[in-house]
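**Q** Supplied in structure tokens, the structure appears directly below.
The numbers here are math on the coordinates, done by the rules we state, and not lab data. Keep in mind the model is a prediction, meaning the values are calculated, not measured. Glycine gets a Cβ as well: all are built from the backbone with ideal geometry, and neighbour counts include every protein chain shown.
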Amino acid sequence: MTTVYERLLSKKEPKKSLLRRLPTHAGRNSKGRITVRHQGGGHKKLYRLVDFVQEKHGIPAKVETIEYDPYRTAFIALIQYSDGAYSYILAPQGLRLGSELIFAEHAPLHVGNRMRLRNVPVGHQVHNVELKPGAGGKLARSAGSAAEVLANANGYTDIKLNSGEVRRVLWDCFASLGQLSNPEHNLVTIGKAGRSRWLGIRPTVRGSAMNPVDHPYGGGEGQTQRGTRKPKTKWGKITGGRKTRNRKKWSNALIVKRRK
């Protein structure tokens, strides 16, 4: 498969008042030096102001369009509240044009509705999950992702993420019901180098194709062996198999089970 399944997407132009032009830096810092490699170029695109907080509680909303977003893998939905305001939200799988949504403490168990985690029954899938009440969704925001509610007790909700990690979140945090749209995103084949350039991805050179001065894998005749005991980055830092998470991070206590 070379493109996403776009039959359900609307043909309308995006809402102009919810568009912004973001500056591009091609992976360079304020001094003009490349700090993130393989970025640059790409097709022009406008950022959609997606509402991750969804503060209009108790005001019904109706889905106007379901659109492609060049800045993310999941589709987005343009909704209009009954007071006339427009907003973009992440579109869950199964959301249809004309669907009625509501964001409240207690909401019906319909795809797209948003409520506090303590009111979501065990076994339901949620997305756009907050880590702090009112701070906006941070977890489960990419295409096809969802978190499963495992338990509600003592002020916390245990949720299982796509990675297999079981995480404890304050049950006053909000989450939206359902799995996110475009679950076939991981099946898309880029197909050619030029298409990567359209996406703003520049070429990546193999370390083994470099000289010894440029990479720990460089040098040798033909396809020679790696020559180092552990896999390393261009700068000689060990990669693959070494834990990088801070052992003293405050949220370690909230991780019930590590990802595999």
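**Q** If the cut-off is a Cα-Cα distance under 17 Å, which lysines reach K138, setting aside same-chain residues fewer than 8 apart in sequence?
**A** K160
**Q** Using the Cα atoms of segment 11-59, I'd like the radius of gyration and the largest Cα-Cα distance, Dmax, both in angstrom.
**A** Radius of gyration, then largest Cα-Cα span, for segment 11-59: 16.2, 49 Å.
**Q** Follow-up. Using a 7 Å offset from the Cα along the Cα-to-Cβ direction at both S17 and K62, what is the distance between the two label points in nm, to one decimal?
**A** Between S17 and K62, the label points sit 1.7 nm apart.
**Q** Using a Förster distance of 51 angstrom, determine the FRET efficiency expected from the C-beta separation of R206 and L150, and round it to 0.05.
**A** 0.75
**Q** Distance between the C-alpha centers of segment 67-124 and segment 153-206? Whole Å please.
**A** 17
**Q** Two-decimal Rg/Rh of the chain from alpha-carbon positions, Kirkwood Rh?
**A** Rg/Rh: 1.03.
**Q** So what's the back-of-envelope 222 nm ellipticity for the chain, counting only DSSP H runs of four-plus at -39500 (n - 2.57) apiece and dividing by all residues, rounded to 500?
**A** -500 deg cm²/dmol, from helical runs alone.
**Q** Which of V166, Y156, G194 sits closest to the plus end of the dipole of segment 137-234, meaning its Cα is farthest towards the positive end, when Lys and Arg get +1 and Asp and Glu get -1 on the C-beta?
**A** Value: G194.
**Q** So which lysines pass the test for K248, namely a Cα distance under 18 Å, with those fewer than 8 places away in the same chain ruled out?
**A** The qualifying lysines are K257.
**Q** Please report Rg over Rh for segment 67-146, where both radii come from the alpha carbon positions and Rh follows the Kirkwood definition.
**A** Rg/Rh for segment 67-146 comes to 0.93.
**Q** How large is the Kirkwood hydrodynamic radius of segment 71-209, counting all unique pairs of alpha carbons, in Å?
**A** The answer is 16.6 Å.
**Q** About the Cα centre of the chain, how large is the charge dipole given +1 on each Lys and Arg Cβ and -1 on each Asp and Glu Cβ? Please answer in debye to the nearest 20.
**A** Dipole magnitude for the chain comes out near 1700 debye.
**Q** For R195 and Y86, FRET efficiency with R0 = 41 Å and r from the beta-carbon atoms, rounded to 0.05?
**A** 0.80
**Q** Here's something else I'd like to know. Which percent of Cα-Cα pairs in segment 139-253 sits in each 10 Å bin, short to long?
**A** 10, 22, 24, 25, 14, 4, 0
**Q** Evaluate the relative contact order of the chain (contact order divided by residue number), counting alpha-carbon pairs under 8 angstrom at least 6 apart; express in whole percent.
**A** 17
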